[in-house]
Structures are given as C-alpha cells and as structure tokens.
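Laboratory data are not the source of any read-out in this text; all were calculated from the coordinates shown. If you're wondering where the values come from, they're calculated on a predicted model, not measured in any experiment. Here the Cβ positions follow ideal geometry from the backbone for every residue, glycine too, while neighbour counts run over all protein chains shown.
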Amino acid sequence: MFDSISHILGDLSKIAGIRNVLVIDKDGLLIAQGSSLPAKNKDTFEDLASLFARAIHSFEPSLKATNIDHSGIKQLIIERENNEKLIIFVAKDFILAVTTQDTINLGLVRMEMHDTLLKLTPLLESVS
C-alpha cells in the first residue's frame, strides 16, 4: 500500500513548480511525502506537516465565529513572499498538501491535487 501511495505522490511531485508533496493525518503527523527536490532532512517534512495541520485547525474556529457556512474546510491556499504557495486539500481522514516554487500553473496544480486526493482516499481510508 505504501508503495502505491509513494507512486501517486511521485506523480504529483513531477508537475512543474511543485517542491514538496505531503500526506498528513489530522493531528499533523507525516504519513508520506514526495519531493521534486532532494530532501535535506526528515525534520523539514515533519515541520511542514505540523504547519499544515495547524493552519487548518487555526482557521476552522474563525469560520465558526462568522455567519459563513462552516461545514468544513476543503481547500486552503496560502501565498507567501516570492509567490511561493502552500496548497492544502482536506479529506475526511487526511490532508494532502504541496509547497510550490514561485512560478506555477495554479489551476493545473489544483486539478492534479484533486485527482491525487481521489486516488489516495481509498488507500488511506482502509488504514483508519
């Protein structure tokens, strides 16, 4: 199963502009990762996993305080300096996240992430 997950993440990480691909559980623990760049150390990916989970958990209470429908975050895009983007898709049991370089086709990345989410869901739901 983990070979299948690694293969799916590898395909996503080949898209131009994607630096890192992570699958994270809802508590921020790293399940799997793929990267188009060489990994400097595992701590970097674990730190990113924690960051992505905290972003979702921090944002959800803010929605509840508004009149906005807060039925759950499905996608969150954070743009940082130098046009780097952090793109997060939230599934029932896990989070799929990518970091990007400054020049990407955001629409293509979102479509590919959606397709990746559909491929990962049956594999990761069988674990939980």
Counting Lys and Arg as +1 and Asp and Glu as -1 over every other residue whose Cβ sits under 11 Å from the Cβ of L123, the net charge comes to -2
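Eigenvalues of the Cα gyration tensor times 5, then square-rooted: what semi-axes does that give for region 79-124, in whole angstrom, largest first? Don't jump to the answer; show the numbers that get you there.
Values: eigenvalues 101, 25, 8 Å².
Square roots of five times the eigenvalues give 22, 11, 6 Å.
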